[in-house]
Amino acid sequence: DIQMTQSPPSLSASLGDKVTITCQASQNINKYIAWYQQKPGKAPGLLIHYTSTLVSGIPSRFSGSGSGRDYSFSISNVESEDIASYYCLQYDNSPRTFGGGTKLELK
Amino acid sequence: EVQLVESGGGLVQPGRSLKLSCVASGFTFSNYGMNWIRQAPGKGLEWVAYISSGSSYIYYAETVKGRFTISRDNAKNTLYLQMTSLRSEDTALYYCASPQFITTVVPYYWGQGVMVTVSS
C-alpha cells in the first residue's frame, strides 16, 4: 500500500498569511493526489484534484503542485473561513490512502 | 440534488457484525463507483473500500480486508458495507462517498456519516 506522509500535523497562521502543507508518497503517484478541507462536524469537501486542478467554486487562493512522490498544497491570504483540517488523498493505486491531516489554527 | 444517506450504525459488541447502508439519489447511481471512508473520533480520514459501478472491481484497506464486504444493489440505488468480526478500532463515523462525474474517481459527494461504536 502507498503511505502518505503529511506535514505538519498542525499549523498556526495569521489572517493574510500564506501557508503550505506537504504530502510525500511512499512511491510515485503520477500526480493523482487530491486535497480536502474538513470543518468540525462536517463531511470533507474536495478542493483540488490531479495535483493542481481546482474544483469549481473553490477560491483561487487555494493551490496545489508537485510531481513524483512530493506534493504541496497552499493557501495564500488565509481567511477566517479557512480554519479547518486538511487532508491529502492519493488515488493512483488501490487501496487509496489519506495523509494524516493538518489542523490549521489562527495565531 | 445529490444525496447520500447512510444508516445502520449503532453500538455493537466486539466480534459481532453490522451492516451499513447508503441510499443514493439525485444521480444515476449505477454509473458510479462508490467508496466507504471512515473517521475515528478525533482522528483523521481512513479510506475503507471501493466498488466499481458494476461490482466488477472491489478494493479494501488492509485493516478491514477479510472482515468487511462492500456490495451494491443498483436497482435499489443502495450501497452496503457488511462488517464482521468487529474490533474496538473499527469505532468510527462511516461515510459513503461518490465522485462528481462518471469520468472521475475522486470522492466528491459525501453523506452525513453513520456512527459505529464497538464496545462491550
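Could you tell me which numbered condition B:GLU1 fails, if it satisfies all but one of (1) assigned to a loop (DSSP other than H, G, I, E, B); (2) under 11 Å from the mean Cα position of the chain (by Cα); (3) among the charged types (D, E, K, R)?
Exception for B:GLU1: condition (2).
Please go through the stretch A:35-72 and pick out each residue that is among the small types (Gly, Ala, Ser) and under 14 Å from B:LEU45 (Cβ atoms).
Those that are among the small types (Gly, Ala, Ser) and under 14 Å from B:LEU45 (Cβ atoms): A:ALA43, A:GLY45.
Restricting to the stretch A:81-105, and then to whatever is assigned to a loop (DSSP other than H, G, I, E, B) and over 21 Å from B:TYR50 (Cβ atoms), can you tell me which residue is farthest from the other protein chains (Cβ to nearest Cβ)?
The extreme case among them is A:ILE83.
If A:SER14 passes every condition in (1) more than 10 Å from chain B (Cβ to nearest Cβ); (2) touching an Asp or Glu at 6+ places or on another chain (Cβ under 6 Å) but one, which one does it miss?
(2)
Being part of a loop (DSSP other than H, G, I, E, B), within 16 Å of A:PRO95 (Cβ to Cβ) and acidic (Asp, Glu): is that true of B:GLU46 here?
The answer is no for B:GLU46.
Which ones in the stretch A:22-41 are within 20 Å of B:TYR108 (Cβ to Cβ) and hydrophobic (A, V, I, L, M, F, W, C)?
If the condition is that a residue be within 20 Å of B:TYR108 (Cβ to Cβ) and hydrophobic (A, V, I, L, M, F, W, C), then A:CYS23, A:ILE29, A:ILE33, A:ALA34, A:TRP35 are the ones that fit.
Of all residues in the stretch B:19-35, count the ones that are in contact with an Asp or Glu (Cβ under 9 Å, 6 or more places away or on another chain) and in a strand (DSSP E or B).
5
Limited to the stretch A:34-67, what total is found for residues that are within 19 Å of A:LYS103 (Cα to Cα), part of a strand (DSSP E or B) and within 13 Å of chain B (Cβ to nearest Cβ)?
Residues flagged as within 19 Å of A:LYS103 (Cα to Cα), part of a strand (DSSP E or B) and within 13 Å of chain B (Cβ to nearest Cβ) within the stretch A:34-67 amount to 10.
Residues to consider are B:ILE51, B:ILE58; find the one that is among the aliphatic types (A, V, I, L, M), crowded, with 20+ Cβ neighbours inside 10 Å and at pLDDT 95 or above.
The unique qualifying residue is B:ILE51.
Within the stretch A:73-83, work out how many residues are touching a strand residue (DSSP E or B) at 6+ places or on another chain (Cβ under 8 Å) and over 15 Å from A:LYS107 (Cβ atoms).
Number satisfying all stated conditions: 3.
Report the residue count in the stretch B:49-107 for those that are aromatic (Phe, Trp, Tyr), within 11 Å of chain A (Cβ to nearest Cβ) and in a strand (DSSP E or B).
The qualifying residues number 4.
The values are calculated or read from the model by the stated rules, or taken from the named source; none is laboratory data. Because the structure is predicted, anything quoted here is derived from the model rather than measured. Cβ sites come from the backbone with ideal geometry, for glycine too, and all protein chains shown count toward neighbours.
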